[in-house]
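Have a look at the structure below, then the notes.
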Amino acid sequence: MVEESENMKPIDIKKDRFPFCIVWTPLPCISWFLPFIGHVGIAYSNGVIRDFAGPYYVSEDNLAFGKTTRYLQLDPTNISGKQWDTAVKEASDEYNGRMHNLCW
């Protein structure tokens with residue numbers, strides 16, 4: 001078990017920093033009718049958000065459909081910040097090379 005909770009940066013909504021969080025924002029029009037559908041991103045241990053923003057593109061620090069509306073902070077005590085960041089980067093790099101189409 002890794003004890004880094006003392007070193008974990010706090011969530012800063014004004015600066016859009018959500019360490020160890022999965023973040024969500026609504027999709028225009030679609031979320032109005034189906035409120036459980038939205039756009040998801042994941043943040044590094046320092047709070048910078050990565051999200052799959054379109055075909056062959058993963059954005060960093062700029063959630064594709066606006067500011068974070070909801071977030072879920074995961075328990076960082078089971079993994080070091082470096083391991084977490086490596087996993088987020090590897091997943092982002094993997095999806096950066098994939099096609100994405102909302103309808104298909």
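Things to note:
- Solution diffusion estimate, µm²/s, Stokes-Einstein, the stretch 35-85, Kirkwood Rh from C-alpha pairs, 20 °C, viscosity 1.002 mPa s: 176 µm²/s
- Net charge of Cβ neighbours under 13 Å - reference GLU60; Lys, Arg +1; Asp, Glu -1: -2
- Sites SER80 and LYS14 - FRET efficiency at Förster radius 41 Å, r taken between beta-carbons, to 0.05: 0.90
- Helix 81-96 and the longest principal axis of the Cα set of the chain meet at an angle near 20°.
- Cα gyration tensor category, rounded, prolate or oblate, for the stretch 3-104 with a/c compared to 1.5: oblate
- By other beta-carbon atoms within 10 Å, ranking ARG50, ARG17, ARG70 with the fewest at the front produces ARG70, ARG17, ARG50.
- Simple Cβ-charge dipole of the chain, Lys/Arg +1 and Asp/Glu -1, about Cα centre, in debye nearest 20: 380 debye
- Each other residue within a Cβ distance under 13 Å of SER92 adds +1 if Lys or Arg and -1 if Asp or Glu, for a net charge of -4.
- Among PHE65, PHE52, PHE20, the largest mean-square fluctuation in a Gaussian network model of the chain (Cα springs under 10 Å) belongs to PHE65.
- Separation in nanometres of the label points that stand 7 Å from Cα toward Cβ, at ASP61 and PHE36: 3.6 nm
- Residue exposure sequence - ILE49, ILE11, ILE30 - by fewest surrounding Cβ within 10 Å: ILE30, ILE11, ILE49
A short reminder: the numbers here are calculations on the coordinates, not readings from a lab. Computed from a predicted model, the values in this text were never measured in an experiment. Because the Cβ atoms are built from the backbone with ideal geometry, glycine has one as well, and the counts that use them run over all protein chains shown.
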